[in-house]
Amino acid sequence: MCGIVAYTGNRDAYPVILKGLKRLEYRGYDSAGVALVNHGLKTFKKRGKVGALEESLLGKDLQAVAGIGHTRWATHGEPSDRNAHPHRSSNGKLAMVHNGIIENYSLLKQDLLKKGYAFESDTDTEVLLKFIEDIHVSHEVSLEEAVRIALKRVVGAYVIVLLNEDDPETLIAARKGSPLVIGIGKGEHFLASDASPIIEYTKEVVYINDYEVAIVRPDELILKNLGNERVTPHITQLDMELAAIEKGGFDHFMLKEIFDQPQSIFDCLRGRLDANMGSIRMGGVDKHLDQLVNAKRILIIACGTSWHAGLVAEYVFEELCRIPVEVEYASEFRYRNPVINEGDVIIAISQSGETADTLVAIERAKENKAFIFGVVNVVGSSISRQSHAGAYTHAGPEIGVASTKAFTAQLVVLNMIALKIAYTKRTIDQHRYLHLINELNEIPDKVALILQDTDHIKILADKYKDARDFLYLGRGYNFPIALEGALKLKEISYIHAEGYPAAEMKHGPIALVEESLPVVFVATKDMYHDKILSNAQEIKARKGKVIAVISEGDSQFQEVADDVMMVPLSDELVAPLLSVIPLQLLAYFIGVSKGLDVDKPRNLAKSVTVE
Ligand code: F6R
């Protein structure tokens with residue numbers, strides 16, 4: 001949430017920052033700004049996307065030795081030029097960008113107002129900057145020291161980067177709870193909220209930890225803790241290629257990422273699942289297998305789409321491993337007083353690895369001595385580092401705001417973990433184990449088959465794009481897919497959609513059914529097939545429109561449905577990996593046919609680093 005880019009070094013800073021902001025725009029896009037220093041400090045800010053800022057700066061002299069940039073997802077204060085970052089200090093010498101929320105900003109602001117400070121924006125960021133300025137000026141301490149003193153009094157989450165007119169080549173950055181990566185070049189440093197703005201310049205990076213302050217100059221990177229002690233920077237190599245964060249000929253990242261899925265699922269399986277040997281090897285699981293196999297209960301915490309992956313996992317784990325599973329929204333878990341017992345295992349699922357609610361939920365669980373297993377996509381992210389053990393999903397960078405390939409990779413990882421536990425516990429026999437390994441192994445090819453012909457889904461999208469509401473229904477393993485299909489549609493097309501267990505329909509939602517209501521059934525062949533078919537007939541009897549995701553060759557459902565989207569036949573346990581694909585495409589094509597910006601839907605941000 002909010003993207004930060006900063007640069008100091010021998011290149012011209014503005015083009016580096018602008019390009020970086022475009023890469024980070026998925027994190028927030030209601031306004032953008034840059035502060036540049038050369039002979040004096042200049043700030044430029046604009047409501048709207050990064051392109052609007054770029055346009056407003058055409059023809060201006062933007063030569064700079066260092067600079068900071070920001071693309072915003074509003075928390076305090078409406079999206080506007082005035083609330084856009086960077087903010088300036090009262091004396092005009094400092095500029096600062098911030099990602100996160102300062103919870104005690106109101107108290108700090110009252111003190112500052114009493115001291116005569118005036119505020120130009122409604123943001124907590126300006127308050128923090130002026131608090132730092134006040135310490136710097138009135139206590140006559142260095143800016144670095146002022147930052148440390150200020151941050152000891154701040155409650156909340158932040159990444160900040162400061163630019164100082166009096167020390168133009170030095171950037172001061174700090175983090176707590178929000179991510180910051182520093183790229184190390186020759187005579188230059190790059191700072192960013194994630195590695196995507198950095199990857200084309202260097203692969204050597206340092207991930208800043210909570211409560212660390214970085215003093216960054218072209219030739220020097222000094223890390224200190226808030227107690228002013230030096231911390232040794234831990235340099236890691238980025239395992240990512242530039243092509244992975246570009247659109248590669250697709251109109252949108254979302255479409256590219258949907259089409260990435262045969263490869264991303266394959267990458268997730270690669271080196272882990274060996275269908276010939278009938279084995280699954282996963283470092284993080286193997287090392288902690290005892291803990292997982294002997295779990296008395298598994299508690300899954302996640303948000304949004306990742307929570308839907310957790311719901312599928314609940315069905316899979318209970319079926320295969322006979323371990324009780326509970327799935328909870330991280331945002332609820334963190335504020336409850338959940339009962340966590342010895343022997344409970346927490347699985348935290350997150351694409352970004354930075355979701356604030358999930359991170360804090362992990363902290364709460366750790367306070368209760370729980371064992372945390374992370375299922376995370378972004379390597380080196382906060383959740384991966386906060387977990388005791390884990391498995392990466394290896395889906396590659398996901399840039400489209402609506403999660404697609406990260407979801408299927410999460411399902412694959414969770415399936416493999418369940419199979420591994422179940423086989424070790426002997427809660428499934430070898431025949432079923434080998435059968436499911438084969439089924440998983442075939443998923444990349446089956447997804448590729450679905451993606452071979454998407455024209456009929458485009459036609460469906462045109463047919464139904466003007467519907468006011470959609471209902472998505474599924475049973476068993478496909479119930480969470482109904483929720484996921486509805487979420488995708490809401491996010492991308494702004495059409496109201498609800499997901500429900502198909503049998504629950506008659507307890508309320510059936511009242512909504514009328515001729516103009518499309519009802520999407522997620523009805524691949526499984527043990528509930530006859531039941532869900534009856535549910536579809538109930539909708540038809542009330543003149544609703546039935547659209548169905550079905551298994552190839554399902555003539556029964558075809559007779560009832562107005563429109564169908566077919567997927568290859570598979571075991572019901574892995575069917576969600578296939579049934580979700582047409583729903584991702586349907587949401588995408590509806591969004592596009594309505595002329596919406598599907599990669600950057602309104603009000604959303606990719607990585608939700610505020611609560
Ligand atoms: C939906 C979507 C969100 C995320 C949620 C959790 O398309 O992307 O619902 O799934 O914000 O994010 P992560 O997985 O990064 O923790």
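The values are calculated or read from the model by the stated rules, or taken from the named source; none is laboratory data. It should be emphasised that the depicted structure is a prediction, and the values quoted were computed from it without experimental measurement. So basically every Cβ, Gly included, is an ideal-geometry build from the backbone, and we count neighbours across all protein chains shown. Accessible surface areas use protein heavy atoms only, side chains included; no ligands, DNA or RNA. Shrake-Rupley method; radii C 1.70, N 1.55, O 1.52, S 1.80 Å.
Tabulated data
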| item | result |
| --- | --- |
| Residue among Ala192, Leu517, Leu471 farthest towards the positive dipole end of the chain, charges placed on Cβ | Ala192 |
| Rounded D (µm²/s) - segment 3-243, Kirkwood Rh over Cα pairs, Stokes-Einstein at 10 °C, 1.306 mPa s | 91 µm²/s |
| Within the chain, helix-based [θ] at 222 nm, where runs of 4 or more DSSP H residues each add -39,500 (n - 2.57), nearest 500 | -11500 deg cm²/dmol |
| Magnitude of the charge dipole, the chain, Cβ model with Lys/Arg +1 and Asp/Glu -1, debye to 20 | 660 debye |
| With all protein chains modelled, accessible area of Leu517 [1.4 Å, Å²] | 10 Å² |
| Peptides ranked, highest mean first, by Cβ atoms within 10 Å: ranges 40-51, 491-502 | 491-502, 40-51 |
| At most 12 other Cβ within 10 Å, DSSP loop - trypsin sites (Lys or Arg not before Pro), segment 277-347 | Lys296, Arg322, Arg336 |
| Tyr211, Tyr472, ranked by accessible area, largest first (probe 1.4 Å) | Tyr211, Tyr472 |
| Net charge, Ala84 excluded, C-beta distance under 10 Å - Lys, Arg +1, Asp, Glu -1 | +3 |
| Mean Cβ neighbour count within 10 Å, used as a protection proxy, ranking 179-188, 519-528, 215-224 highest first | 519-528, 179-188, 215-224 |
| Computed magnitude of the charge dipole of segment 513-558 (debye, nearest 20; Cβ of K, R +1, Cβ of D, E -1) | 140 debye |
| Global geometry of segment 555-611, whether rounded, prolate or oblate, following the gyration tensor of its Cα atoms and the 1.5 cut on a/c | oblate |
| Segment 387-441: trypsin sites (Lys or Arg not before Pro) in DSSP coil with no more than 16 other Cβ atoms inside 10 Å | Arg426 |
| Segment 97-158: C-alpha gyration tensor shape, a/c 1.5 cut-off, then a/b vs b/c | oblate |
| Shape category assigned to segment 247-447 from the gyration tensor of Cα positions, a/c cut at 1.5 | oblate |
| Sparse-neighbour loop sites [GluC sites (Glu not before Pro); segment 324-403; at most 14 other C-beta within 10 Å; DSSP] | Glu342 |
| Largest to smallest accessible area among Trp307, Trp73 [probe 1.4 Å] | Trp73, Trp307 |
| Residue order for Val327, Val206 - accessible surface, 1.4 angstrom probe, largest first | Val327, Val206 |
| Ratio Rg/Rh, restricted to the chain and using Cα atoms, in which Rh is the Kirkwood radius | 1.00 |
| Ser142 accessible area, assembled protein chains, probe 1.4 Å, Å² | 60 Å² |
| For segment 161-215 versus segment 480-530, the gap between their alpha-carbon centres in whole angstrom | 45 Å |
| Net dipole in debye of segment 3-243 [+1 Lys, Arg Cβ; -1 Asp, Glu Cβ; about Cα centre; nearest 20] | 360 debye |
| Under 17 Å from Lys420, Cα to Cα: lysines that are on another chain or at least 8 residues apart | Lys287, Lys296 |
| Ordering of 19-29, 79-89, 406-416 by burial proxy (mean other Cβ atoms within 10 Å per residue, highest first) | 406-416, 19-29, 79-89 |
